[in-house]
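Visitor: Take a look at the following structure, please.
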Amino acid sequence: SQREAWERIAAYGSENFVTAHVSICSFFLVLRVLFVFIFKRLGVKSDKQLQDIAASAVGCIHSTIICVLTLEELLSRQWSPFSFTQEFDLASANTKTGICAMIFTNSYMLQDLALMLRYSPDEALYILHHMATITYMSSCMLVRHGDLSVALSAPPHPPPC
């Protein structure tokens, strides 16, 4: 089942923290290079435009995956938009799905931050946003609590096109 798949990924990510982040960063970098190649073939000439469009495309993929993970996590805690249960303790222990979401998002943020520093160093607010997100998620992984606060406080959204 899908829940078992998340558990296997989370177990691997918890035990092999650096390897998991490097693997997922590499995935996003390959996607970004692929999108740059595709958009260049479609006729986009400006390097800045190519990087912006590729970043938006990768951001949309990341956001979609994180939305699915967050929804699964909320539903596993009997979430309803009209009621809350005892399962909604924002400081509760991290779940397997929550760990997957944090590793996935941290990896996305790391690769995007590196590329922003290279291609958009003047975007101070986005750079600070990435650094703050990485710091907060890393601290939640370190203390092994707070994945739900991450899911609810940082709704994913693609960068503006």
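Visitor: Can you list the residues, at least 5 places off or on another chain, whose amide H is less than 5 Å from the amide H of His145, using H built in the peptide plane?
Guide: Asn94
Visitor: Checking the cross-link filter: which aspartates and glutamates have an alpha carbon closer than 20 Å to that of Lys48, excluding same-chain neighbours under 8 positions apart?
Guide: List returned: Asp112, Asp122, Glu123.
Visitor: With every protein chain left in place and a probe of 1.4 Å, what is the accessible surface of Asp89, to the nearest 10 Å²?
Guide: Solvent-accessible area, nearest 10 Å²: 80 Å².
Visitor: Then there's this: Using a 1.4 angstrom probe on the protein heavy atoms only, could you order Phe27, Phe104 from most to least accessible area?
Guide: So, going from the largest accessible area down, we get Phe27, Phe104.
Visitor: Applying the Karplus parametrisation 6.51 cos²θ - 1.76 cosθ + 1.60 with θ = phi - 60° to the phi angles of segment 64-76, what ³J(HN,Hα) value in whole Hz is obtained for each residue in order, glycine and proline being reported as x?
Guide: 4, 5, 5, 4, 5, 4, 5, 4, 4, 5, 5, 5, 5
The values are calculated or read from the model by the stated rules, or taken from the named source; none is laboratory data. Quick caveat: nothing in here was measured; it's all calculated off a predicted structure. Surface accessibility is based on the protein's heavy atoms, side chains included, excluding ligands, DNA and RNA. Shrake-Rupley method; radii C 1.70, N 1.55, O 1.52, S 1.80 Å.
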